[in-house]
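To keep things clear, I will list the structure first and then write my remarks on it.
The values are calculated or read from the model by the stated rules, or taken from the named source; none is laboratory data. If you're wondering where the values come from, they're calculated on a predicted model, not measured in any experiment. Heads up, the Cβs are rebuilt from the backbone with ideal geometry, glycines too, and the neighbour counts pull from every protein chain shown. Side chains are part of the model used for accessible areas, which takes the heavy atoms of the whole protein and leaves out ligands, DNA and RNA. Shrake-Rupley method; radii C 1.70, N 1.55, O 1.52, S 1.80 Å.
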Amino acid sequence: MIKRITLALLGSLLDSLRDLFPIIAVIAFFQLVVLQQSLPNLLELLLGVAFVVIGLSLFIQGLKLGLFPIGESMAYDFARKGSLFWLLTFAFALGFGTTVAEPALIAVSDEAAEVAATGGMIASDDEAKHRYATGLRYTVAISVGFAVLIGVLRILRGWPLPWLIITGYLGVIIMTFFAPKEIVGIAYDSGGVTTSTITVPLITALGVGLASSISGRNPMVDGFGLIAFASLTPMIFVMGYGMII
């Protein structure tokens, strides 16, 4: 068991190093050849790269060993239980909980609060900025919970994914004309930051596990698409949040 895990970690380290090599090569080329300057703080830079490789490898192994299996098994158990209420409640809670904990969303919300205070949209004191960032963060989290709920209903009912996505983006386009211009860019970026390190693995595992456990559903056709909803609904909800405040 330990030997198998060790070999898997070593393989993951090599894969992560291979995946990061193009980024390292680009930075080194432009720094050394184009700018013709030596790399600053080379020792710290190499140490940072090593940390990134190790962290990425551990993260990927954690997904394979823990998050993907638990997401799929819970989806299967809920489908076997046959309770639509608890399945939809779980879907909403999973989308909400993973998004609230998303580091990228926390960073973007704090930055948006700083910019809003600088631009005079809100007061410049810490309480006002914290309230703005928290409101934005929870708005996005609620929108992702709603998105996962709709995505689960789509899998259960067999609704066509393209029509739902097209309708959603038409709503985004229409709301863009009515939302405050200061919030539009934040709303569009919110759709991207929600689909990051924590949210994507669990939601994907939920969709695949649910589609695999329902007769007549194809995991490849029906299991994917939840992430599309998770990146779509925050744009609508955040623009609505901007209109309200």
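Expressed as a whole number of Å, what is the distance separating the alpha-carbon centroids of region 175-244 and region 4-36? One Cα centre to the other: 30 Å.
Across the protein chains, with a 1.4 Å probe defining accessible surface, the residues I245, I106, I155 rank I245, I106, I155 from largest area downward. By a 1.4 Å probe calculation restricted to protein chains, E127 has an accessible surface near 130 Å², given to the nearest 10. Counting only protein heavy atoms and using a 1.4 Å probe, the accessible area of R157 comes to about 140 Å². For the chain, complete DSSP H runs whose alpha carbons reach 15 Å or more along their own long axis and whose mean Kyte-Doolittle score is 0.0 or higher are 2-29, 42-62, 84-100, 103-118, 126-157, 161-178, 181-193, 199-213, 226-244. Each of [x] 1.00; [y] 1.05; [z] 1.19 is a candidate for Cα Rg over 2.2 N^0.38 Å; the one calculated from this structure is [z]. In the chain, carbon and sulfur make up what percent of the accessible area (probe 1.4 Å)? Whole-percent figure for carbon plus sulfur exposure: 72.
Between M220 and V26, the FRET efficiency estimated from the beta carbon spacing at R0 = 30 angstrom works out to 0.35. In region 132-245, Rg over Rh equals 1.01, where Rg is the alpha-carbon radius of gyration and Rh the Kirkwood radius from pairwise Cα distances.
Annotation: W86 carries an accessible surface of approximately 130 Å², with a 1.4 Å probe and no ligand, DNA or RNA atoms counted. The residues T89, T233, sorted by heavy-atom accessible surface at 1.4 Å with ligands and nucleic acids left out, run T89, T233 from largest to smallest. In the chain, helices alone account for a calculated mean residue ellipticity at 222 nm of -27000 deg cm²/dmol, with every DSSP H run of four or more residues adding -39,500 (n - 2.57). Legend: residues K129, K181, sorted from most to least accessible area (1.4 Å probe; ligands, DNA and RNA excluded), read K181, K129. Rolling a 1.4 Å probe across the protein heavy atoms gives the chain an accessible surface of 56 Å² per residue.
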